[in-house]
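**Student:** Below are the structure tokens for one structure; questions will follow.
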Amino acid sequence: MKSLYKHTGLKGILLLNLFVGSTAFMFFTTPFLLLLLILTQILNKLFLYYFAVVYITNLILSTIAIKQQKMPFHFYVALVFSPVYNLLHSVASFLALWEFITCPQQWNKIQHGLWNKNNQNP
């Protein structure tokens, strides 16, 4: 950590922690925000309106970005299912936190992507 501080300074350390920490914070707070949405929807329809406006605005801006970059169609499909992805990512974050608390010495490694293609025996 000292060499990182010498290399990047306090600003670099803070930005790194903000970059990594904000992603984790988002996934850990998503279930609580959804619970708040459900409870508030029962009490007040205004919160649901703001939630829908933010989601639709994000959808529109992301669609514009995909069109400008001329990305393939599967990016549109991924865009539609991004709320489901965020919810599943929140579940995975809580499972990882639970494993970290209960057995920190164990690493639950998941094989991603092209793992089987790269590690085949000749």
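None of the figures in this text is laboratory data; all of them are computed from the coordinates on show. Predicted model, so just to flag it, every value in this text is computed and none were measured. Backbone-built Cβ (ideal geometry, glycine too); neighbour counts: all protein chains shown.
**Student:** Specify the angular offset, from 0 to 90 degrees and rounded to the nearest 10, of the alpha carbon long axis of helix 2-43 from the longest principal axis of the alpha carbons in the chain.
**Tutor:** 40 degrees
**Student:** Among 15, 97, 48, determine the one that fluctuates most according to a GNM of the chain built with springs between C-alpha atoms less than 10 Å apart.
**Tutor:** Checking each option, the largest mean-square fluctuation is seen for 15.
**Student:** Same structure, new question: Mind running the shape call on the stretch 1-95? Use the C-alpha gyration tensor, a ≥ b ≥ c as the square roots of the eigenvalues: rounded below 1.5 for a/c, prolate if a/b tops b/c, oblate otherwise.
**Tutor:** oblate
**Student:** Loop-only check: which trypsin sites (Lys or Arg not before Pro) in the stretch 37-81 are DSSP coil with at most 11 other Cβ within 10 angstrom?
**Tutor:** Working: sites: 45, 67, 70; in loops: 70.
Passing both the DSSP loop test and the Cβ count: 70.
**Student:** Kindly provide the helix-only [θ] at 222 nm of the chain, computed as the sum of -39,500 (n - 2.57) over DSSP H runs of four or more divided by all residues, to the nearest 500 deg cm²/dmol?
**Tutor:** Rounded to the nearest 500, the figure is -28000 deg cm²/dmol.
**Student:** Let me ask something additional. Mind giving me the FRET efficiency for residue 45 and residue 109? R0 is 35 Å, r the Cβ-Cβ distance, nearest 0.05 is fine.
**Tutor:** E between residue 45 and residue 109, to the nearest 0.05, is 0.20.
**Student:** Mind putting a number on the dipole of the chain about its Cα centre? Charges go on the C-beta only, +1 for Lys and Arg and -1 for Asp and Glu, and I need it in Debye to the nearest 20.
**Tutor:** 400 debye
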